[in-house]
Amino acid sequence: MMIEQHDELEGYCRTLGHHLSFHYCRRLNQNLPCPRIRDCWFERLAIDDFLKAHYSAEERARIATPPAGKLDTILKLLAQG
């Protein structure tokens with residue numbers, strides 16, 4: 001199974017509120033998939049099998065880490081400057 005095989009598929013992004021390609025979703029997070037990739041693609045792809053086939057256990061753990069909340073991001077920016 002090639003990592004690019006699903007890149008042309010499009011799905012609705014629950015975070016951004018519009019349709020995006022799978023390619024975007026799998027490279028969003030510093031060349032790792034978006035933390036919400038399972039939520040958005042589980043109905044269309046065997047997403048867990050895809051992730052296991054293409055990413056190490058450490059990478060999958062990083063993928064599963066939820067993004068910082070908006071408040072955390074704002075507080076971090078305020079602390080920086």
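The values are calculated or read from the model by the stated rules, or taken from the named source; none is laboratory data. All figures in this text were calculated on a predicted structure; none of them were measured in a lab. No Cβ is skipped: glycine too gets one built from the backbone with ideal geometry, and neighbour counts run over all protein chains shown.
Data overview
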item	result
Selection status of I47, at negative phi and in contact with a Leu (Cβ under 8 Å, 6 or more places away or on another chain)	no
Any hit, region 45-56, residues being part of a helix (DSSP H, G or I), touching a Lys or Arg at 6+ places or on another chain (Cβ under 8 Å) and not charged (D, E, K, R)	yes
Pick from region 15-44, criterion more than 14 Å from the chain's Cα centre (by Cα) and not in a strand (DSSP E or B), ranking: farthest from Q5 (Cα to Cα)	G17
Residue list for region 29-81, restricted to those being at pLDDT 90 or above, surrounded by 10 or more Cβ atoms within 10 Å (Cβ to Cβ) and charged (D, E, K, R)	R36, R38, D39, R44, D48, D49, K52, E59, R60, R62
